[in-house]
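Report on the following structure.
The values are calculated or read from the model by the stated rules, or taken from the named source; none is laboratory data. Note that the structure is predicted; figures quoted are calculated from it, not measured. Glycine also receives a Cβ, built like all others from the backbone with ideal geometry; neighbour counts cover every protein chain displayed. The accessibility values were calculated without ligands, DNA or RNA, using every heavy atom of the protein model including side chains. Shrake-Rupley method; radii C 1.70, N 1.55, O 1.52, S 1.80 Å.
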Amino acid sequence: KSKDALGTVRMVKNSTYRIPGKPLIDELRFEHIPSLDDRAARFHNGDLHILDVWSHNHDDLFDRFGKVRSRYRKKGVRPAWGTEMEISYLFFNFKNTFLAKTKIRQAICLALDRHAFVKAAWGPVYKLADLPFPSTFPETALFDHQPPFKFGKRNLQEAKRLLAAAGHPGGKGLPEFVVDFPGHLGEKEKAAFAIFKRDLALAGLKVQMREGTFEGFIERSKRGDLQIGWVRWYADYPDVENFLLLFRSADSPAANWNYGGYASEEYDRLYDRMAK
């Protein structure tokens, strides 16, 4: 493969590949196009054959039933469905005075309607992340016979009970939590956060959103100045280890991505054993 000065990566067919008849195509070309609008324009002009679907362009490409809009179907545009090697998740700062309490974290989880939250952020086509890694990995099969994620389904009454058990009935004595978002909130993210704020308010919890640069987010993380964060993680390489490192603590480069400061000696031991 090669990369030219314009930021194009070319992957050329290996004619001596060990499997006869493959690869099936002669070349793949990946172009680095920073502007989302430029990507869309070049795709619709036929200069690009594949376009990623994100929250910013979903409604332009699909109707409310999840079907490709007719104006694009007429041009031969077809969807390629699959689970992205990415997760979007909320984390808690385990060193925060209040969020260090397990019952408060559980109450926040149970107060949120995840289906409504994710649908608002990503549109009608989504998959809930009940594991810390995408279902594209074979390790997912290990959990096929496990009970569902206990705190993944909304239960407002249980959320209120847990808050009371933690010494904060109806949210009494708790501050307004800040949810950090490293970037600029689009309209869909704003709609999703409105659901988050509404759901938690019904349990007696108050939250506000703080946008900012990724650099500022990292600095606050290092200082332990985060309470709740909303982030994404995309696989740098196709292995489940690349997601499990998000919970690695202790003195390790992997701990840089453990934004909430989760720490478990047993987890670290198992992670180190698995990572080899």
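Scanning the stretch 154-179 for residues that are part of a loop (DSSP other than H, G, I, E, B) and surrounded by 15 or more Cβ atoms within 10 Å (Cβ to Cβ) yields ARG154, ASN155, ALA166, HIS168, LEU174.
Of all residues in the stretch 213-238, those being assigned to a loop (DSSP other than H, G, I, E, B) and either free of Cβ contacts under 8 Å to residues at least 24 places away in the same chain or under 25 Å from THR97 (Cβ atoms) (or both) number 6. Checking the stretch 234-246 against the condition returns a match, with at least one residue being more than 24 Å from VAL53 (Cα to Cα) and of a type in the set (D, E, K, R).
Name the residues in the stretch 73-96 that are out of contact with any Pro (no Cβ under 9 Å at 6 or more places or on another chain) and surrounded by fewer than 16 Cβ atoms within 10 Å (Cβ to Cβ), would you? Please lay out each step first, then the result.
First, pick out the residues of the stretch 73-96 that are out of contact with any Pro (no Cβ under 9 Å at 6 or more places or on another chain): 73-82, 88, 90-96.
If the condition is that a residue be out of contact with any Pro (no Cβ under 9 Å at 6 or more places or on another chain) and surrounded by fewer than 16 Cβ atoms within 10 Å (Cβ to Cβ), then ARG73, LYS74, LYS75, GLY76, VAL77, ARG78, PRO79, ALA80, TRP81, GLY82, LYS95 are the ones that fit.
Can you spot a residue in the stretch 104-115 that is open to solvent by 80 Å² or more (accessible area, probe 1.4 Å) and either more than 24 Å from THR136 (Cα to Cα) or in a loop (DSSP other than H, G, I, E, B) (or both)? Lay out the reasoning, then the answer.
Step one: list which residues in the stretch 104-115 are open to solvent by 80 Å² or more (accessible area, probe 1.4 Å), which gives 115.
Then keep just the ones that are either more than 24 Å from THR136 (Cα to Cα) or in a loop (DSSP other than H, G, I, E, B) (or both); that gives none.
No - not one qualifying residue is present in the stretch 104-115.
Does ARG210 qualify as being open to solvent by 50 Å² or more (accessible area, probe 1.4 Å), over 18 Å from TRP257 (Cβ atoms), in contact with a Phe, Trp or Tyr (Cβ under 8 Å, 6 or more places away or on another chain) and assigned to a strand (DSSP E or B)? Walk me through how you get there before you give the answer.
Working: open to solvent by 50 Å² or more (accessible area, probe 1.4 Å): yes; over 18 Å from TRP257 (Cβ atoms): yes; in contact with a Phe, Trp or Tyr (Cβ under 8 Å, 6 or more places away or on another chain): yes; assigned to a strand (DSSP E or B): yes.
Considered against the rule, which asks whether it is open to solvent by 50 Å² or more (accessible area, probe 1.4 Å), over 18 Å from TRP257 (Cβ atoms), in contact with a Phe, Trp or Tyr (Cβ under 8 Å, 6 or more places away or on another chain) and assigned to a strand (DSSP E or B), ARG210 comes out as yes.
Inspect the stretch 260-272 for any residue being open to solvent by 30 Å² or more (accessible area, probe 1.4 Å), under 29 Å from PRO124 (Cα atoms) and at pLDDT below 95 and give the result as yes or no. For the stretch 260-272, residues open to solvent by 30 Å² or more (accessible area, probe 1.4 Å), under 29 Å from PRO124 (Cα atoms) and at pLDDT below 95: absent.
The residue that is farthest from LEU185 (Cα to Cα), counting only those in the stretch 29-51 that are out of contact with any Phe, Trp or Tyr (no Cβ under 9 Å at 6 or more places or on another chain) and open to solvent by 80 Å² or more (accessible area, probe 1.4 Å), is ARG29. Going by what's in this entry, would TYR262 be described as among the hydroxyl-bearing types (Ser, Thr, Tyr) and part of a loop (DSSP other than H, G, I, E, B)? The answer is yes for TYR262.
Filtering the stretch 180-207 down to residues that are in contact with a strand residue (DSSP E or B) (Cβ under 9 Å, 6 or more places away or on another chain) and assigned to a helix (DSSP H, G or I), which residue is nearest to ARG105 (Cα to Cα)?
Narrowing the stretch 180-207 to residues in contact with a strand residue (DSSP E or B) (Cβ under 9 Å, 6 or more places away or on another chain): 180-185, 189-190, 192-193, 196-197, 200-201, 205-207.
Those left that are additionally assigned to a helix (DSSP H, G or I): 189-190, 192-193, 196-197, 200-201.
Numbers: GLU189: 22, LYS190: 22, ALA192: 19, PHE193: 17, PHE196: 14, LYS197: 15, LEU200: 12, ALA201: 15 Å.
The selected residue is LEU200.
If you check GLY66, GLY21 for being surrounded by fewer than 17 Cβ atoms within 10 Å (Cβ to Cβ), at pLDDT below 90 and within 20 Å of ALA191 (Cβ to Cβ), only one passes: GLY66. Scanning the stretch 124-153 for residues that are part of a loop (DSSP other than H, G, I, E, B) and among the acidic types (Asp, Glu), we see that the one that is nearest to PHE247 (Cα to Cα) is ASP130.
Yes or no, residue by residue, for (1) within 30 Å of PHE217 (Cα to Cα); (2) not β-branched (Val, Ile, Thr):
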{"site": "PRO23", "(1), (2)": "no, yes"}
{"site": "HIS32", "(1), (2)": "yes, yes"}
{"site": "ASN45", "(1), (2)": "no, yes"}
{"site": "ASN57", "(1), (2)": "yes, yes"}
{"site": "PHE65", "(1), (2)": "no, yes"}
{"site": "LYS74", "(1), (2)": "no, yes"}
{"site": "ARG78", "(1), (2)": "no, yes"}
{"site": "ILE87", "(1), (2)": "yes, no"}
